[in-house]
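Asker: Below you will find the structure I want to go over with you.
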Amino acid sequence: MLRRFLVGSLLVMVSMGGSIGLAQELPPGLRSQELHYRWRLEGLSSVLARLLTRLPTTGDAVIALDLVSSDRLEVAFTGTSEKAAPDEYWKYETEVDPGAWRSLRVTETLHYKKKHKTKTVELTDLEVIDVLSGLQRLRYLPNDGSGRHLIWSNRKVYPVAVSTAGTRERREVNGAGVTVRHLAIRGIKEPGQNYWKARAELWLTDDEAAVPVEIVFHQALGRLRMTLVGLVGDE
């Protein structure tokens with residue numbers, strides 16, 4: 001159960017936001033970017049992981065963007081832990097049409113001990129945005145992206161509400177003070193729709209780049225927090 005929570009949490013941490021069928025431009029000049037994070041479990045999930053299962057409670061994660069062409073953006077999330085061997089990782093990759101923010105395919109790869117699994121899902125017949133691309137889209141929506149959105153995850157679509165959580169805040173990132181926007185994401189109960197039971201928060205720099213400097217995912221077992229530690233890109 002805790003292993004599912006850990007892997008699922010890392011996925012959802014990069015999945016928040018994303019609506020279906022609305023075009024949105026990337027910032028001018030963006031061709032590639034790598035966002036480096038440090039993640040950690042907090043609350044009951046961290047205690048159980050240490051005492052009962054010996055699962056990792058901290059690690060590193062990278063979100064990489066590559067604008068291959070005008071109609072294809074590749075986004076990849078790679079997560080490792082402090083207990084992982086050099087060849088152990090979990091990777092989630094997606095290809096998306098950045099003009100319509102419509103996902104084309106999603107690939108998940110898990111290398112953990114003797115488990116080497118890869119799964120690809122084609123989304124070309126669906127007018128949806130997958131979870132990882134959804135976060136990137138939310139970065140560039142006007143008016144903080146507030147309102148109803150849809151996320152696609154594990155072959156299901158969930159309606160969620162995005163709202164501004166308070167006023168602009170000051171954060172310190174790698175020793176420098178930055179102004180950030182604080183967003184909150186919660187599931188919406190709607191007849192005939194899947195309900196997302198968790199909730200999430202993210203802090204984006206208050207500029208054109210809208211870099212996610214921190215992301216927190218909440219659910220019953222605790223929290224998973226991702227904090228930005230570095231950025232490489234050509235914005």
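The values are calculated or read from the model by the stated rules, or taken from the named source; none is laboratory data. Here the structure is a predicted model, which means the values were calculated and not measured. No Cβ is skipped: glycine too gets one built from the backbone with ideal geometry, and neighbour counts run over all protein chains shown.
Asker: Given the options 76, 100, name the one that is at pLDDT 90 or above and small (Gly, Ala, Ser).
Answerer: The conditions single out 76.
Asker: Moving on to the next point. Being at pLDDT below 85, over 22 Å from residue 62 (Cβ atoms) and in contact with a strand residue (DSSP E or B) (Cβ under 6 Å, 6 or more places away or on another chain) narrows it down to one of 233, 134, 222, so name that one.
Answerer: So the residue among 233, 134, 222 that is at pLDDT below 85, over 22 Å from residue 62 (Cβ atoms) and in contact with a strand residue (DSSP E or B) (Cβ under 6 Å, 6 or more places away or on another chain) is 222.
Asker: Another question, if that's okay. Please go through the stretch 169-178 and give me each residue that is of a type in the set (D, E, K, R), surrounded by fewer than 13 Cβ atoms within 10 Å (Cβ to Cβ) and modelled with pLDDT of 85 or more, ordered by number.
Answerer: Within the stretch 169-178, just 170 meets the criteria.
Asker: May I ask you to list the residues in the stretch 195-224 that are more than 17 Å from residue 134 (Cα to Cα), surrounded by fewer than 17 Cβ atoms within 10 Å (Cβ to Cβ) and of a type in the set (A, V, I, L, M)?
Answerer: Correct list: 220 only.
Asker: Within the stretch 192-235, track down each residue that is not in a strand (DSSP E or B) and not aliphatic (A, V, I, L, M).
Answerer: 192, 193, 194, 195, 196, 197, 206, 207, 208, 234, 235
Asker: On to the next question. Count, please, the residues in the stretch 166-189 that happen to be in contact (Cβ under 8 Å) with a residue 24 or more places away in the chain and part of a strand (DSSP E or B). Reasoning before the result, please.
Answerer: Taking the stretch 166-189 and keeping what is in contact (Cβ under 8 Å) with a residue 24 or more places away in the chain, we get 168-169, 171, 173-174, 178-181, 183, 185-188.
Still in the running and part of a strand (DSSP E or B): 169, 171, 173, 178-181, 183, 185-187.
The number of residues fulfilling the criteria is 11.
Asker: Pick from 181, 155: which is in contact with a helix residue (DSSP H, G or I) (Cβ under 7 Å, 6 or more places away or on another chain) and either of a type outside the set (Phe, Trp, Tyr) or crowded, with 19+ Cβ neighbours inside 10 Å (or both)?
Answerer: 181
Asker: Does the stretch 105-123 contain any residue that is crowded, with 16+ Cβ neighbours inside 10 Å and over 26 Å from residue 59 (Cβ atoms)?
Answerer: Checked against the condition, which is being crowded, with 16+ Cβ neighbours inside 10 Å and over 26 Å from residue 59 (Cβ atoms), the stretch 105-123 yields at least one hit.
Asker: Consider residue 136 against the criteria (1) more than 15 Å from the chain's Cα centre (by Cα); (2) surrounded by 11 or more Cβ atoms within 10 Å (Cβ to Cβ): it satisfies all of them except one. Which criterion is unmet?
Answerer: (1)
Asker: Which of the residues that make up the stretch 81-104 are closer than 24 Å to residue 60 by Cβ and part of a loop (DSSP other than H, G, I, E, B)?
Answerer: Scanning the stretch 81-104 gives 82, 83, 84, 85, 86, 87, 88.
Asker: Any residue in the stretch 111-136 that's closer than 15 Å to residue 95 by Cβ: show its pairings with residues that are loosely packed, with under 10 Cβ neighbours inside 10 Å at Cβ separation under 9 Å, as long as the two are six or more apart or on different chains.
Answerer: 121/155
Asker: Suppose we filter the stretch 44-71 for residues that are closer than 16 Å to residue 90 by Cβ and either modelled with pLDDT of 60 or more or of a type in the set (Phe, Trp, Tyr) (or both); how many remain? Full working, then the answer.
Answerer: So in the stretch 44-71, the residues closer than 16 Å to residue 90 by Cβ come out as 49, 55-64.
The next check asks that each one be either modelled with pLDDT of 60 or more or of a type in the set (Phe, Trp, Tyr) (or both); those that pass are 55-64.
Count: 10.
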